[in-house]
Amino acid sequence: MKKEWFKEYSECLNRDMEFMVYGHAGQPILVFPAQDGRYFDFENFGMVQTVEHLIDEGRIQLFCCDSIDPESWSGKGLDPRHRTYMMEQWYYYIVNELVPRIFEINSYGNGGGYADGIFTTGCSMGATHAANFMFRRPDIFKGTIALSGYYDSDLFFDDYHDDIIYRNSPIQYLHGMSYDHPYVDMYRHCKIVLCCGQGAWEDDMIRSTARMKELLEYKDIPAWIDFWGNDVNHDWDWWQVQFPYFVERVI
């Protein structure tokens with residue numbers, strides 16, 4: 001399996017940012033780490049290996065990025081406005097700096113690449129990011145596989161709210177989006193998977209995923225909303241099962 005590490009300076013974040021690429025060709029998939037995680041976690045927790053056959057066959061190419069969760073989503077005790085400012089700067093890093101690199105690197109192996117769009121994925125908070133980026137920018141991202149995500153801001157910011165939080169909370173902006181908003185029709189052409197188990201540590205995720213199901217159904221947006229069994233916990237051993245299951249059926 002081809003594997004390549006990158007460390008590049010981000011103007012948006014004023015620092016070097018790292019990412020790892022697995023594979024030589026295929027559908028690009030942007031992988032967000034779990035809460036406070038790093039770009040190497042997806043491999044270290046055995047997730048990359050679950051789809052290694054698809055990577056080697058040139059069907060998919062994984063781009064595992066870094067987050068800055070400790071400065072934004074996880075930074076309780078820090079100034080909330082600065083936390084949301086950093087959240088949005090990271091958003092700009094992803095869409096304005098990393099996405100062009102994904103298309104560029106992907107095109108090397110594909111003779112033009114998959115310029116029609118990128119899939120997003122992640123587990124836990126990685127799923128939160130994956131869904132948010134697809135719903136914020138359906139012009140760039142054409143689908144998501146979000147595993148055990150939470151799609152609102154209240155768990156992280158309590159009662160604090162501002163315009164940036166709204167833009168990064170899918171439950172809030174989907175609720176506020178009109179039925180005839182141009183993004184709604186774009187969503188209908190995306191491949192959307194939201195999955196969570198019903199076992200240990202999944203209660204908040206069940207509630208949040210169910211609310212997303214209601215919002216998407218109300219706007220007639222097709223989505224695969226999948227609740228796995230009571231033995232399916234919020235943990236890597238189940239995400240290792242779910243990830244290849246959905247990749248093989250959706251991508």
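Details
- Calculated over the range 1-79: convex hull of Cα atoms, volume per residue (Å³): 93
- Pair-distance profile P(r), taking every C-alpha pair of the range 170-212, with 10 angstrom steps and integer %: 24, 44, 25, 7
- Longest site-free stretch - the chain; sites: chymotrypsin sites (Phe, Trp or Tyr not before Pro), DSSP loop, at most 16 other Cβ within 10 Å: 41-159
- For the range 17-157, the Kirkwood hydrodynamic radius comes to 15.2 Å, computed from all pairs of different C-alpha atoms.
- Orientation-averaged projection of the range 57-104 equals 4.0 nm² [convex hull of Cα atoms, one quarter of hull surface area].
- Charge dipole of the range 3-250 (Cα centre as origin; +1 on each Lys and Arg Cβ, -1 on each Asp and Glu Cβ, all else neutral): 500 debye, rounded to the nearest 20.
- Potential lengthening between HIS181 and TYR245 on full extension [0.36 nm per residue; Cα-Cα distance subtracted]: 19.8 nm
- Available extension along the chain between GLU88 and TYR160 is 24.3 nm, counting 0.36 nm per residue and deducting the alpha carbon span.
- Simple label model, 7 Å out from Cα along Cβ direction - ASN96 to ARG81, nm: 2.1
- With a Förster radius of 30 Å applied to the C-beta separation of ASP226 and ARG38, the computed FRET efficiency comes to 0.65.
- Footprinting exposure proxy for HIS129, HIS24, HIS175 (fewest neighbouring C-beta atoms within 10 Å first): HIS175, HIS24, HIS129
- Here, the chain yields an orientationally averaged convex hull projection of 12.5 nm² when only Cα atoms define the hull.
- Farthest toward positive dipole pole in the chain [+1 Lys/Arg, -1 Asp/Glu at C-beta], among THR144, PHE157, GLY75: THR144
- Based on alpha-carbon atoms, the Kirkwood radius and the radius of gyration of the range 86-231 give Rg/Rh equal to 0.98.
Just so you know, all these numbers are worked out from the coordinates, no wet-lab data involved. The shown structure was predicted, so the numbers you read here are calculated from the model rather than taken from an experiment. Neighbour counts run over all protein chains shown; Cβ positions are idealised from the backbone, glycine included.
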